Amino acid sequence: MQQQSFRFFVPTVVHFGWNAVADTGRVVREWGTRCLIVTTSRIYHQTPLIREIQEQLRGYHVASEVFDGIIPNPTVDVLEQGVAVARTFQPDVILGVGGGSSMDAAKAVALGATHAGSVWDYRLGGEKAIDHPVIPVITVGTTAGTGSQISPVSVLTHSGIHSKHAIVDVKLCPKAAIVDPALTVTVPPRVTAATGFDVFAHAFESTIHSRRSPFTDILAREALTLVVRYLPRAVMNGNDREAREAMARADTLAGICITNAGTTLPHGIAMAIGGHAPHVMHGEALASVYPEVMKFSWASAPQAFARLYDIMADPDESSGLTVEAKAQKVSGEIESFLTKIGLRCTLKTLGVEAGSLPGIIEDTFHLPDYQANPKQPTVEDVNRLVYASFRG
């Protein structure tokens, strides 16, 4: 057996299960007595979730304040508003409630309230580094798709320069994640599909990442198996409890994978798309580019691509195929899967303007994801991939 050295860690305590959200007050109380809740206006005003959580907090003698200004693809301006609220309220724990945007924002607010300058300064390649602890973050996820409940990543958008970037540091890992499948039951089919495909992408890209390990491979294989089997069911019937629970498990497993390995070229392109077309959900952006990127990358990691084919394809179809044949055919399986979950799309059908494509191509290289891809692309490669993903 080939010897390999690697590092693996899961810094977040996961509280998983139906009605796990009922334990939020106790979990928060373990970390502080003044809690800033970071969420969206829709969750705060159109659902009872935040008020129920605040009632729990009162029962544990925890004071709370709500910042409900989070939007999809949260901008630096929005995050700085949250930082201002935090500096006034002075919390000793921050609770992110919602999808990836809310949980990412909670991390950024925890950072901004404890470090000088703009949160934008702390992005990958930015001017500043996180050099001391941030306010402890707890997460309550309401979608199954971003892995943010457990990851060290906070994604943010600078609307002034149309750039979507990421802050990445282990100090941002949430102290605890409350993963309750019941909170995902009302998620609409399109959002279920988009967030679910993000789980798929997290899991698969960790298997071809330069920092992959046997541990991440095991977790990724389980996550991919769950997504392939259960995401179509969750899209078709949001009340399918078995499917919702399976996707919540897959999301958390894939989040552990990217915490320890990371993402590759598809995520780099999708992040650039989000910066120039913030109306596009991250999972939609991934879906638009995945078939082309798979065709580009498979020959440089045939074993990993072949294993994915075995997970996705009918066993009768894969019998007798070589590793290379399976790897080459996996892009077709991706296209079929995207069609099944109603997410087969192009950049054009997503409403991305042709004039923004050069900026998307350039910004793909502002994040390190492309460097971890098994086949590192040139500018010409990304140009071809993006334009092919635009036309379909």
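The values are calculated or read from the model by the stated rules, or taken from the named source; none is laboratory data. Quantities reported herein were computed from a predicted structural model and do not represent experimental measurements. All Cβ positions, glycine included, derive from the backbone under ideal geometry; neighbour counts span all protein chains shown.
Worth a mention:
- Of residues in segment 318-354 being at positive phi and modelled with pLDDT of 95 or more, the one farthest from the chain's Cα centre (by Cα): Gly351
So that you can scan it fast, the table gives a plain yes or no per residue for (1) over 18 Å from Pro278 (Cα atoms); (2) in contact (Cβ under 8 Å) with a residue 12 or more places away in the chain; (3) touching a strand residue (DSSP E or B) at 6+ places or on another chain (Cβ under 8 Å):
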residue: Pro133; (1), (2), (3): yes, yes, no
residue: Ala144; (1), (2), (3): yes, yes, no
residue: His165; (1), (2), (3): no, yes, yes
residue: Leu183; (1), (2), (3): yes, yes, yes
residue: Val187; (1), (2), (3): yes, yes, no
residue: Thr195; (1), (2), (3): no, yes, no
residue: Val199; (1), (2), (3): yes, yes, no
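- Enumeration of residues in segment 307-321 that are farther than 14 Å from Ala220 by Cβ and buried (at least 22 other Cβ atoms within 10 Å of the Cβ): Tyr309
- Leading residue by the ranking (nearest to Lys164 (Cα to Cα)) among those in segment 355-376 that are within 17 Å of the chain's Cα centre (by Cα) and in a loop (DSSP other than H, G, I, E, B): Leu367
- Residue ID - surrounded by the most Cβ atoms within 10 Å (Cβ to Cβ), chosen from residues in segment 32-90 that are part of a helix (DSSP H, G or I) and of a type in the set (Val, Ile, Thr): Ile53
- Any hit, segment 103-118, residues being touching a Lys or Arg at 6+ places or on another chain (Cβ under 6 Å) and closer than 30 Å to Tyr370 by Cβ: yes
- Output for segment 43-63, where each listed residue is of a type outside the set (D, E, K, R) and free of Cβ contacts under 8 Å to residues at least 24 places away in the same chain: His45, Gln46, Thr47, Pro48, Gln54
- The residues on offer are Thr195, Thr216, and the sole one that is at negative phi, in contact with a Cys (Cβ under 6 Å, 6 or more places away or on another chain), surrounded by 24 or more Cβ atoms within 10 Å (Cβ to Cβ) and among the hydroxyl-bearing types (Ser, Thr, Tyr) is Thr216.
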